[in-house]
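The values are calculated or read from the model by the stated rules, or taken from the named source; none is laboratory data. The shown structure was predicted, so the numbers you read here are calculated from the model rather than taken from an experiment. Heads up, the Cβs are rebuilt from the backbone with ideal geometry, glycines too, and the neighbour counts pull from every protein chain shown. Calculation scope for accessible area: heavy atoms of the full protein, side chains included, ligands and nucleic acids excluded. Shrake-Rupley method; radii C 1.70, N 1.55, O 1.52, S 1.80 Å.
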Amino acid sequence: MARLFFALWPDDQTRNKLYNVAEQFKEEELRLVKKANLHMTLEFLGEVSNKDQQELIGSINKIENESFKLQLTRVGFWKKPQILFIGTTQVPKSLLLLVKSIKKCVNQQDLKTDDREYKPHVTIARKVKKVILPKETFKINLQIRSFALVVSKSTNNCVEYNVINEWSLTI
C-alpha cells in the first residue's frame, strides 16, 4: 500500500517563486511546507494497493488533455483545515477538465475521490491558527505541460513526496 495523490508538480524555478511568497510568513508561528514539497493537488487518493496503482496508471495513460496557463495571484487562509495557501482567481477550463478526467479514472477503479468542489491551491503552511494576509499582490505565471502521480512517505519528523509517474499534456 502506498499513500498517493495526483498533482501539478512545479519545476525548480516555479518552486522558488512559490517559496519566496511563503517566506513572507517565516517570522510567524507557522509550519511552512518544505520547498521540495510544494505542489498543487489535483486528486488525493490515500492508501492504494500496488495492483490498484498499476491499473490506475493504465487508465490515466489514456487521458488526453491540453496544456494550459495558470496564474497564481493571491495568498489565502482556510480556517477549518488550518492552511495558508497560494491560489488563483481564474481557474482555467483545461485544469477543471483534467481534474474531472482523473476523478473518472479513479472512480472506475472503485477508489475513493474527494466530493468537495475542486479549489486549486498550493499549500504553503499548515496548522495555522491565525494570520494577517498580505496586501501586496503578485503574479506567478505557470505553463502547465504535465501532471504527476506522487507518493507521500512519512519519516520521523517530516513528510517526503516523490513523483512515481508523470504524464505530458498535449500542446
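Structure values in brief
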{"item": "Boolean, Phe85 is of a type outside the set (Lys, Arg), touching a Ser or Thr at 6+ places or on another chain (Cβ under 6 Å), in contact (Cβ under 8 Å) with a residue 60 or more places away in the chain and surrounded by 16 or more Cβ atoms within 10 Å (Cβ to Cβ)", "result": "no"}
{"item": "Residues of segment 103-132 classified as assigned to a loop (DSSP other than H, G, I, E, B) and more than 30 Å from Gln24 (Cα to Cα), total", "result": "7"}
{"item": "Selected residue (criterion: most open to solvent (accessible area, probe 1.4 Å)) from residues of segment 30-45 that are of a type in the set (D, E, K, R) and in contact (Cβ under 8 Å) with a residue 60 or more places away in the chain", "result": "Arg31"}
{"item": "Of the criteria (1) free of Cβ contacts under 8 Å to residues at least 24 places away in the same chain; (2) under 28 Å from Gln24 (Cβ atoms); (3) in contact with a Ser or Thr (Cβ under 8 Å, 6 or more places away or on another chain), which one Tyr161 fails", "result": "(1)"}
{"item": "Residues satisfying the stated conditions in segment 22-61, i.e. in a strand (DSSP E or B), of a type outside the set (A, V, I, L, M) and either within 18 Å of Ser101 (Cβ to Cβ) or over 21 Å from the mean Cα position of the chain (by Cα) (or both)", "result": "Thr41, Glu43, Phe44"}
{"item": "Residues satisfying the stated conditions in segment 123-163, i.e. of a type in the set (A, V, I, L, M, F, W, C) and touching a helix residue (DSSP H, G or I) at 6+ places or on another chain (Cβ under 8 Å)", "result": "Ile124, Ala125, Val131, Phe138, Ile140, Leu142, Ile144, Phe147, Leu149, Val159"}
{"item": "Qualifying residue in segment 8-15 (condition: within 24 Å of Leu96 (Cα to Cα), in contact with a Phe, Trp or Tyr (Cβ under 8 Å, 6 or more places away or on another chain), open to solvent by less than 90 Å² (accessible area, probe 1.4 Å) and in contact (Cβ under 8 Å) with a residue 24 or more places away in the chain)", "result": "yes"}
{"item": "Subset of segment 114-142 [polar (S, T, N, Q) and touching a Ser or Thr at 6+ places or on another chain (Cβ under 7 Å)]", "result": "Thr137"}
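Per-residue answers, yes or no, for (1) surrounded by 18 or more Cβ atoms within 10 Å (Cβ to Cβ); (2) closer than 21 Å to Ala2 by Cα; (3) out of contact with any Lys or Arg (no Cβ under 7 Å at 6 or more places or on another chain):
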| residue | (1), (2), (3) |
| --- | --- |
| Glu47 | no, yes, no |
| Ser67 | no, no, no |
| Leu70 | yes, no, yes |
| Thr73 | no, no, no |
| Phe77 | no, no, yes |
| Thr113 | no, yes, no |
| Lys119 | no, no, yes |
| Ala125 | yes, no, no |
